[in-house]
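*Asks:* Quick one: this structure, given as structure tokens, is what I'll be asking you about.
The values are calculated or read from the model by the stated rules, or taken from the named source; none is laboratory data. Computed from a predicted structure; not experimentally measured. As a convention, Cβ positions derive from the backbone with ideal geometry for all residues, glycine included, and neighbour counts pool all protein chains shown.
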Amino acid sequence: MNAIVDVEVGQLLQQKLDKLKAAYNAEPYPILEVRKQKLNLLKQTILNNQQALVEALSADFGYRSEFDTAMTDVLPTVAQINYTLKRLNKWCKPSRRHAGLLLAPSKVTVEYQPVGVVGIISPWNFPVILSLSPLVTALAAGNRVMMKLSEFTPMTNNVISEICRALPEDVEVVEGEAEVAQAFSKLPFDHLLFTGSTNVGRAVARAAAENLTPITLELGGKSPVIVADDANLSKAVDAVLFGKCINAGQICVAPDYAFVPEGRINEFVALFLQRFEALYLKGQNDQGFTHIINQRQYDRLKAVLEDAKVKGAEIHTVSETSAEGRLLYPHLVTNVSEEMTIMQEEIFGPLMPIKPYRDIQEVITYINQNQRPLALYIMSEDKSVIERITRNTHSGGVGVNDTILHVGAEDAPFGGIGESGIGHYHGEEGFRTFSHAKTILSTPTWLPRVGMLMERRGMAIKALQKFFMR
């Protein structure tokens with residue numbers, strides 16, 4: 001991209017931001033009813049475009065099942081709007097705080113004020129919920145929003161843009177490749193949310209730092225599954241298969257690799273392949289299996305498999321895949337080693353390396369020696385084992401006897417830790433993320449405190465010291 005085009009893109013984005021800032025300055029604190037009207041309008045527009053979203057997402061992916069789109073993109077977004085509408089009165093209320101004896105009888109309140117204009121950079125894997133979910137929370141907090149959508153989902157972007165046209169004074173949508181995202185992250189937003197890879201997240205953070213823009217980073221990492229000795233292997237396989245097959249594993253909280261007791265690996269692999277074949281290859285799930293988003297990602301995943309195979313891994317799968325349609329069925333990989341690419345990078349696809357273990361402490365030590373993941377999954381009914389793992393490891397969130405579904409907990413924060421992310425944006429925590437907690441101290445005019453402190457400083461200090469430093 002040459003310098004002239006770069007300047008033109010930056011100017012165009014700045015114009016859009018200026019428009020939103022002007023709208024915010026004209027109404028910096030939308031009343032509760034106005035916020036609810038916007039959310040209800042957004043909800044209705046999403047529902048009106050539900051089928052269009054299903055068709056657009058399938059077109060962008062080459063094929064994406066209606067189940068995947070409904071389960072992970074559309075329904076959770078609508079459910080979040082419903083939940084937000086029910087809780088918004090409570091979230092918006094100023095909170096009373098204790099002023100302390102030193103400041104009595106003054107009153108202290110904390111008011112949650114909209115920050116202004118929020119920037120959102122969303123990825124391609126779940127383009128609906130990962131753009132509209134933070135939009136919902138930002139609008140609920142009273143902000144205006146400018147969104148940068150992924151260039152890899154152009155058909156879906158058209159529908160999202162149509163949805164956002166229902167709120168022309170509140171939302172601006174932009175598209176474009178990496179250079180647009182770079183210019184976008186340099187804008188002086190009042191808050192910036194990025195969802196994507198850790199490497200790109202670092203670049204976004206550096207750009208935002210030039211404006212001291214507060215950021216929320218929803219990144220990723222290698223999220224482990226721990227199958228404990230006591231686990232019901234059949235149920236554990238179902239949970240792992242669900243998390244690895246939704247959207248063909250192209251999800252930031254997908255189980256990335258599994259720890260399985262060394263004596264049960266063969267059984268785990270056999271059960272997994274049997275269940276997948278029953279669900280996807282013999283008609284029980286007539287929705288089919290979602291394809292890989294584009295040829296670059298497909299080639300990357302095939303290269304990861306080939307690297308593992310060359311270095312001595314064993315590959316287990318149910319069927320040959322189609323390069324033409326970018327269809328890649330799950331592949332379980334055993335006999336893995338740390339020098340393999342599959343154990344060094346986030347997989348982001350339907351590949352699952354399996355590591356044997358003898359003692360749960362081995363697992364805890366391994367996890368703690370690596371980067372902190374966005375999610376961690378435990379398959380066990382032993383409370384002592386679950387507690388030992390959760391208290392002695394770090395991760396953005398934990399799922400016990402389930403995978404990925406903790407993301408849908410409406411009243412709980414979702415976010416990473418360390419290289420898997422910064423901050424949260426779900427539920428009430430998300431409302432707080434996109435708000436400024438403004439402390440307001442109110443003092444009655446009859447109180448001569450300031451005059452006393454200024455005119456009799458020495459006496460005042462001695463009296464205060466005598467009272468408070470006992």
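*Asks:* Under 6 Å by Cβ, and 6 or more places apart or on different chains, what pairs join a residue from region 252-266 that is assigned by TED's automatic domain parsing to the domain that holds Glu345 with one that is at pLDDT below 95 and aliphatic (A, V, I, L, M)?
*Replies:* Close Cβ pairs satisfying both conditions: Val253/Val407.
*Asks:* For the structure I just gave you, tell me whether Lys107 is in contact with a helix residue (DSSP H, G or I) (Cβ under 7 Å, 6 or more places away or on another chain), of a type outside the set (A, V, I, L, M) and surrounded by 13 or more Cβ atoms within 10 Å (Cβ to Cβ).
*Replies:* No; evaluated as a whole, the condition is false for this residue.
*Asks:* Being out of contact with any helix residue (DSSP H, G or I) (no Cβ under 9 Å at 6 or more places or on another chain) and not in a helix (DSSP H, G or I): is that true of Ala23 here? Talk me through it step by step, then tell me what you get.
*Replies:* Values: out of contact with any helix residue (DSSP H, G or I) (no Cβ under 9 Å at 6 or more places or on another chain): yes; not in a helix (DSSP H, G or I): no.
In short, no.
*Asks:* Please give the helices (runs of 4 or more DSSP H) falling wholly within region 48-162 in which 2 or more residues are touching a Pro at 6+ places or on another chain (Cβ under 7 Å) and modelled with pLDDT of 95 or more.
*Replies:* 129-140
*Asks:* Pro261 - would you say it is touching an Asp or Glu at 6+ places or on another chain (Cβ under 7 Å) and farther than 30 Å from Gly423 by Cα?
*Replies:* In short, yes.
*Asks:* Taking only region 1-40 into account, find how many residues are modelled with pLDDT under 95 and either surrounded by fewer than 16 Cβ atoms within 10 Å (Cβ to Cβ) or of a type in the set (Ser, Thr, Tyr) (or both). I'd like the intermediate steps shown before the answer.
*Replies:* Step one: list which residues in region 1-40 are modelled with pLDDT under 95, which gives 1-12.
Subset that is either surrounded by fewer than 16 Cβ atoms within 10 Å (Cβ to Cβ) or of a type in the set (Ser, Thr, Tyr) (or both): 1-8, 11-12.
Final tally of qualifying residues: 10.
*Asks:* Using the structure shown, decide if Val173 is of a type in the set (A, V, I, L, M), part of a helix (DSSP H, G or I), at pLDDT 95 or above and within 20 Å of the chain's Cα centre (by Cα).
*Replies:* no
*Asks:* Ok, one more. How do the pairs read when you match residues in region 46-72 that are free of Cβ contacts under 8 Å to residues at least 24 places away in the same chain and hydrophobic (A, V, I, L, M, F, W, C) with residues anywhere that are in a helix (DSSP H, G or I) and buried (at least 22 other Cβ atoms within 10 Å of the Cβ), using Cβ under 6 Å and keeping only pairs 6 or more apart or on different chains?
*Replies:* These pairs meet every condition: Val54/Thr69.
*Asks:* Restricting attention to region 306-335, and to residues there that are surrounded by 14 or more Cβ atoms within 10 Å (Cβ to Cβ) and in contact (Cβ under 8 Å) with a residue 60 or more places away in the chain, which single residue is farthest from the chain's Cα centre (by Cα)?
*Replies:* Looking at the filtered set, the residue picked out is Thr334.
*Asks:* Now a separate question. Could you identify the single residue in Ala303, Ala278 that is modelled with pLDDT under 95, part of a helix (DSSP H, G or I), of a type outside the set (Asp, Glu) and loosely packed, with under 13 Cβ neighbours inside 10 Å?
*Replies:* One residue alone meets the criteria, Ala278.
*Asks:* Pick from Lys43, Lys93: which is basic (Lys, Arg), over 22 Å from Glu175 (Cα atoms) and crowded, with 16+ Cβ neighbours inside 10 Å?
*Replies:* Numbers: Lys93 fails: crowded, with 16+ Cβ neighbours inside 10 Å.
After applying the criteria, what remains is Lys43.
*Asks:* Can you name the residue in region 134-154 that is in contact with a helix residue (DSSP H, G or I) (Cβ under 6 Å, 6 or more places away or on another chain) and either outside the structural domain of Tyr425 (by TED's automatic domain parsing) or under 10 Å from Leu193 (Cβ atoms) (or both) and, of all such residues, is surrounded by the most Cβ atoms within 10 Å (Cβ to Cβ)?
*Replies:* Thr137
*Asks:* What residue, of Ala205, Ala236, is in the same structural domain as Leu351 (by TED's automatic domain parsing), part of a helix (DSSP H, G or I) and within 24 Å of Asn370 (Cβ to Cβ)?
*Replies:* Of the residues listed, the single one that is in the same structural domain as Leu351 (by TED's automatic domain parsing), part of a helix (DSSP H, G or I) and within 24 Å of Asn370 (Cβ to Cβ) is Ala236.
*Asks:* Now for a separate question. Could you run through region 218-245 and say how many residues are surrounded by 21 or more Cβ atoms within 10 Å (Cβ to Cβ) and more than 19 Å from Gln361 (Cα to Cα)?
*Replies:* Residues flagged as surrounded by 21 or more Cβ atoms within 10 Å (Cβ to Cβ) and more than 19 Å from Gln361 (Cα to Cα) within region 218-245 amount to 12.
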